[in-house]
Structures are given as C-alpha cells and as structure tokens.
1. So, R0 is 45 Å and r is the distance between the beta-carbons of residue B:259 and residue A:3; what FRET efficiency does that work out to, to 0.05?
2. Once each part is reduced to its C-alpha centroid, what is the distance from the stretch B:281-312 to the stretch B:98-147 in angstrom?
3. Fewest to most neighbouring Cβ within 10 Å: what's the order for A:26, B:79?
4. Which order results if B:117, B:73, B:13 are arranged by neighbouring Cβ count within 10 Å, fewest first?
5. What does the extension gain come out to for residue B:313 and residue B:284, with contour length at 0.36 nm per residue minus their alpha carbon separation?
6. In what sequence do B:222, B:27, A:27 fall when counting other Cβ within 10 Å, fewest first?
7. How far apart, in nm, are two points set 7 Å out from the Cα along the Cα-to-Cβ line at residue B:198 and at residue B:17?
8. Rounded, prolate or oblate for the stretch B:80-377? Axes are the square roots of the Cα gyration tensor eigenvalues, ordered a ≥ b ≥ c, and the cut-off for rounded is a/c under 1.5.
C-alpha cells in the first residue's frame, strides 16, 4: 500500500468528520429556525411564570 | 498555395479522434438531451481547440509573437482567476433552490453529509490506481455530483485533468436515472424499497427562509473557511430568491445568468481538451472512477439510512439516503419512481427532495473541506 493511499484514508476520516460537523451545526440551526412561533411564545410565558 | 494545406498536413490522428469526441458530445447534447447547455459548447470547443494552429487558443506566430486565443483568455479570466465562472454559476443555482422541504424536515440534512462518502472512497481508489493526492482529490470530487464544484476544486488544486473531470461530472449527473437504480438495488431489498414514510412538514416562516442562507454561510465560514466562496455564492443566490424584493433579479439569476455562464463555462473548459493532454489512459481511468464515485455515494446514503433505522421507531425508506447527492432533481425523481415500483401507493418525493437539497449544501461544503485539507497533506 502506498503512502498516498494512507494519506487518502486520513483525508477520508478528517473530511467526513468536517462535513458532519458543519451539517450537524446546520441541523441544529434548522431545528431552531423551524420552531413554531406559538410554541416558542408559550415557552416564554411558561418561563416567565416559573420566574415569578 | 502550399500554405492552404499546412493545417491538413499537420493534423494528427489524436486530433481527428478529438473531433469524434467533440461530435459525440454534441450528439449526446442534441439527440439524448444530456446536459445540453454544457455538453454542446464543450463538444464544439473540443473541435475548436484541436484544429491545427487554432486561433481559438494562444499561438506563437512567426514574425508576430504570441497571439492570445479567446478560449485561453476566457480560461484565464473566467476560471483560473478566482474561479469566477463556477462561482457565478452558484448564484444562479442558489436562486433555483427551494430549501423549504429541508426546513420542514431538518433531519434529512444528515443524508446530504453521508452521501459525500463516495468522494473520499473514490479518492482512495484513485490513489491505488497511481494518481497523486491532488489529482485523486480532484477526481474524487466528481462524487459531489456537482459540476461547478468539481471544476472549481480541480482548478484550485491545480489538477491537470480538469477537462475529463468536468465531462465525467456532468455526464454522470445526467446519467443518474441509470446509475442510481442499479446501485440502490445492490444494497436494498424490495421490502425495504417499499417502506412508506408519512409527510408531516412543519410550517416555515418567511423569516426562517431568509435567515437560513445567512446563518449557513456564517456557520460554514467558521468551521470550513475554504468553503466560503462556494457556500457563500450558493446562499447569496438563495437569499436573492427568498427575500422577495428582488424577484426580477432572482428570475434573471435562475435563467439568463445560469444559461450564459454555463454556455461560457462549457466552451472555456474545452480549452483544456487538447488532443495531447486528453487522449490518455488517465482520461479513461477518470471516467471509470467518476462512475464509481456516483455508485459509492448512492451506497453510502442507503447504508446510512439503514444505520439510522436501527435507532428510529419510524422507519426511513433507505432509498432516501441515496437522494443525498447534489444531482437535483434527478435523484429525487429516481427515488420517487423506485418507491412506486416497489409499492404503487408509496409517495417519497418530498422526503427525497429534502435529502436532495441537503446534498446540494453538503456537496459545496465537501468541496470546501477538501480544499482546506488537501494542501495540508501534500
């Protein structure tokens, strides 16, 4: 096996990790952006009630 | 009068073969309607650059010196210089994409990431076939199933094979309806292909659609800075679409800009299709590796969906994973068709479209990640 092949495996590991890292962050952003407004408002009201 | 025959007497069999290649690309574009906006100018360009002493490319003329050819000028200005053409194309592509199905069903974005594995599997295979890491990475990016990304990455990395890579990327994108069913059937049963999925999309606000391209650009920029030009132009185009105050520009970007840049990109890429550098064993190997990249992408997406099914109560049709490539909307249509072949009442289109859109984001991120990592490994 050539040294270049082992470098390509390293690239595979780092590359897929990098892609999944970015995609997972975007996934969290998507979850946040898609949060229903009413529910968000309800959550805020509930939090305020708890505080008071 | 002998000067009239100079061209003919200087024609090589390789140049004649390239006329055949050019003719075949024109035939595929017109008769088979395979990516005509790109393959037709590439085919014609292949003929232009292989005419002996062609004025379309830079020539050294006796008594005059170097005369710059239009195709070389276009290549230097439009591709070598900041990769302007592929990046401009991304504005139009971004304006075409509706991220709605993805915003409505966010978990589909994971399939976009998984299906990029084909890029890296192909890079490894290319190194085993003797390519150095730069050329292997440039060939592997064909697996992004995204023509402009393939051109941009191979150009930035300085690969010698930009012509064959562009042809492979665009040809196999057009051949997705043939390649993907074959690859999917290799790793799924009919019972798996018949799995039904309910579609309960969340309501998405206009504000979310506007914020999405901005946030994705910032996130990608911090995690993978090399991807900023790719992701940024894609998301800029999408912002033009979603802001709804630039509808005229959005329409122009989706139609005129895309068509014009694709046309120029095609004929410009052809400037790299000179017989002496194109008719090689490596070109054939690249065409084979490009095909493998699409097969690996498809298999990786399907296997990832099966993996998620191990932990999920509601089963995902594994074919949805295969739609995580950038070839939009061909891949989504393939999945819908195959789902209905397995069960005529199975409607997978919206799930597949979401995964397909995720593939468009993931492919440009993959391009940026490769541009960021490869220089550190060579």
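Values quoted throughout were computed directly from the atomic coordinates according to the rules given, and no laboratory measurement underlies them. In this text the structure is predicted, and so the values were computed from the model without any measurement. Cβ atoms come from the backbone with ideal geometry, glycine included; neighbour counts cover every protein chain shown.
1. 0.50
2. Here the answer is 8 Å between Cα centres.
3. Going from least to most buried by this count: B:79, A:26.
4. Fewest-to-most ranking of B:117, B:73, B:13: B:13, B:73, B:117.
5. 5.9 nm
6. Going from least to most buried by this count: B:222, B:27, A:27.
7. The modelled label-to-label distance comes out at 5.9 nm.
8. Oblate shape, in that a/c is at least 1.5 and b/c is the bigger or equal ratio.
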